[in-house]
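Let me begin by presenting the structure, written as C-alpha cells, before commenting on it.
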Amino acid sequence: MNKPRICAVIVNGDLAAVKKVEPHVDLFEVRIDLIGAGWKELAGRLKKPWIACNRNAEEGGNWKGSEEKRIEELLSAIDLGAKIIDIELSTGNLKETVKLIKKRAGCILSFHDFKETPSLDSMREITQRQIDAGADICKVVTTAQKFEDNNAVLRLISEFPETRIVSFAMGTQGLISRILCPLAGGDFTYASIETGKESAPGQVNAADLRKIYGTLQDGE
C-alpha cells in the first residue's frame, strides 16, 4: 500500500499548531477566507507544499469581498509559493482563470454539495466537466445522507483511473469515505489541524488520521 496522502486544512493563524502537525501531513490547504489578513505571513512559514483556497459563501466559505478580489488573492498565492490553486467549477470566467493559474501552478477544480450525494451519473458528468475545463486534480465532495453514499463517491475514483481525483462525502455518515479516499486511489484526503478546528463536517484531525493509516498498514 502506498502511503496515503493527507492534506491538513489551515483555518487560523496558529503557527504552533501547524508546526506540531507538520510531520503527519504531506501538504497543507491555506484557507484564505478563514485565516483572514494574516494568511500571507503564515503561508510563507510552511515547510510542506500547499494549496491556496479562497471559498465564497455559496461554496461553504467565508470570503466577504468581491469576486474579482477573491481571484486576485488566489493568484497572489502563486507568488508566495502555492503549488496548487483550488477554484470552484462554478467560478465565473472559469476558462480564463484556469489558464492564468496553470501558467504557474497546478489547478484543482472543486465541486461541493452540502445537502446530499448526487447520483453516480451526475458525479461522472461533473468530473468530466472538470477535466474538460483543464483540472489537474478533480475534487468532488458531497454530503452523506446514508451509508451507501460512501460507495458512490469512492466508486467515482475508479471510474476515472487516469485522472487525479479527490472524492468523498462530508458529515458523520461520510467518515469512512474520507478515510478510504486515498486508499481507493484518490490523490489525497483532507484533515483538520486539530480537533474543534474543522473546515468541514466530519473532518478527522491529521495526527489521528495518520495513526489510523498506520494501523491499517500494520495489519497488512
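The values are calculated or read from the model by the stated rules, or taken from the named source; none is laboratory data. Everything numeric here is computed off the predicted structure, so don't read it as measured data. When we count neighbours, we look across all protein chains shown, and the Cβ atoms used for this are built from the backbone with ideal geometry, even at glycine. Ligands, DNA and RNA are excluded from the accessible area calculation, which covers all protein heavy atoms including side chains. Shrake-Rupley method; radii C 1.70, N 1.55, O 1.52, S 1.80 Å.
Figures for the structure shown
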| item | result |
| --- | --- |
| Complete set of residues in region 10-38 that are more than 22 Å from Val204 (Cα to Cα) and touching a residue at least 24 places away in the same chain (Cβ under 8 Å) | Gly38 |
| Qualifying residue in region 41-50 (condition: out of contact with any strand residue (DSSP E or B) (no Cβ under 8 Å at 6 or more places or on another chain) and within 25 Å of Arg164 (Cβ to Cβ)) | yes |
| Residue within region 206-214 that is over 23 Å from Cys53 (Cα atoms) and among the aromatic types (Phe, Trp, Tyr) present | yes |
| Any pair with Cβ under 9 angstrom, 6 or more apart, that starts in region 101-124 at a residue that is closer than 14 Å to Leu156 by Cα and free of Cβ contacts under 8 Å to residues at least 40 places away in the same chain and ends at one that is of a type in the set (A, V, I, L, M) and in a loop (DSSP other than H, G, I, E, B) | Phe111/Leu89 |
| Residue ID - farthest from Leu46 (Cα to Cα), chosen from residues in region 79-90 that are touching a residue at least 24 places away in the same chain (Cβ under 8 Å) and among the β-branched types (Val, Ile, Thr) | Ile85 |
| Yes/no for Ala8 being in contact with a helix residue (DSSP H, G or I) (Cβ under 7 Å, 6 or more places away or on another chain) and of a type in the set (Gly, Ala, Ser) | yes |
| Failed criterion for Ile101 (all others in (1) more than 23 Å from Glu67 (Cβ to Cβ); (2) open to solvent by less than 10 Å² (accessible area, probe 1.4 Å) hold) | (1) |
| Hits in region 43-66 (condition: open to solvent by less than 60 Å² (accessible area, probe 1.4 Å), over 16 Å from the mean Cα position of the chain (by Cα) and either in contact (Cβ under 8 Å) with a residue 24 or more places away in the chain or within 21 Å of Gly106 (Cβ to Cβ) (or both)) | Ala43, Gly44, Leu46, Trp63 |
| Looking only at region 104-115, and only at residues there that are assigned to a loop (DSSP other than H, G, I, E, B) and in contact with a helix residue (DSSP H, G or I) (Cβ under 6 Å, 6 or more places away or on another chain), the one that is nearest to Gln173 (Cα to Cα) | Ala105 |
| Unmet requirement for Thr91, which otherwise passes all of (1) of a type in the set (S, T, N, Q); (2) farther than 21 Å from Arg70 by Cα; (3) surrounded by fewer than 23 Cβ atoms within 10 Å (Cβ to Cβ) | (2) |
